[in-house]
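The values are calculated or read from the model by the stated rules, or taken from the named source; none is laboratory data. Nothing here was measured: the structure is a model prediction, and the numbers come from that model. Neighbour counts are summed over all protein chains in view; Cβ atoms, including those assigned to glycine, are modelled from backbone coordinates with ideal geometry.
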Amino acid sequence: MDTGPLVAYFLASEANHRWAVETFKQLRRPALTCEAVLTEAGFLIGRRNIPPARLLAFVQRGDLQIGLGLGDEAGPVRALMERYASVPMSLADACLVRMAEMTSLPICTLDSDFLIYRAHGRNPLDLISPVRARSLHEP
């Protein structure tokens, strides 16, 4: 799960809030994410006066699980960031693409950059997104 859907889930004023809430209800649990996504989302919701610790409650109760150990995957994650430096690719995005390569699971996102990224350098990513796109799953 990407930063965008998490932020939209917690902030009712976000344009995709309803979509994020409904999508999260339908995701198979636990949904996988990475620490970089939790860090970004926590920062963004904290700026809007939502306690970032609420994200950790999702992890504690098993709704979200960390699906990538950056220490073990630093090389492939770095290679992705270098490959997509012109986009540019954030650490969180690179971790999610690497997790998709490892698991073949879709990425839940609001970020159109995931339409550019490729798994293993050539395969379009499977996405869960409110935007109609070529590679898309309905929630």
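Here is a yes/no grid of residues against (1) at pLDDT 95 or above; (2) assigned to a helix (DSSP H, G or I); (3) touching a Leu at 6+ places or on another chain (Cβ under 9 Å):
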position	(1), (2), (3)
Val7	yes, yes, yes
Leu44	yes, yes, yes
Val59	no, yes, yes
Gly75	yes, yes, no
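In this structure, is Asp93 charged (D, E, K, R), in a helix (DSSP H, G or I) and either under 20 Å from Ala41 (Cα atoms) or touching a strand residue (DSSP E or B) at 6+ places or on another chain (Cβ under 8 Å) (or both)? Reasoning before the result, please.
Values: charged (D, E, K, R): yes; in a helix (DSSP H, G or I): yes; either under 20 Å from Ala41 (Cα atoms) or touching a strand residue (DSSP E or B) at 6+ places or on another chain (Cβ under 8 Å) (or both): yes.
Yes, satisfied.
All of (1) surrounded by 14 or more Cβ atoms within 10 Å (Cβ to Cβ); (2) more than 16 Å from the chain's Cα centre (by Cα); (3) under 30 Å from Asp72 (Cα atoms) hold for Ala53 with one exception: (1). Of the residues that sit in region 115-132 and are among the hydrophobic types (A, V, I, L, M, F, W, C), touching a helix residue (DSSP H, G or I) at 6+ places or on another chain (Cβ under 9 Å) and in a loop (DSSP other than H, G, I, E, B), which one is surrounded by the fewest Cβ atoms within 10 Å (Cβ to Cβ)? For region 115-132, the residue satisfying everything is Val131.
Residues in region 77-90 that are more than 23 Å from Ile128 (Cα to Cα) and assigned to a helix (DSSP H, G or I): Arg78, Ala79, Glu82, Arg83.
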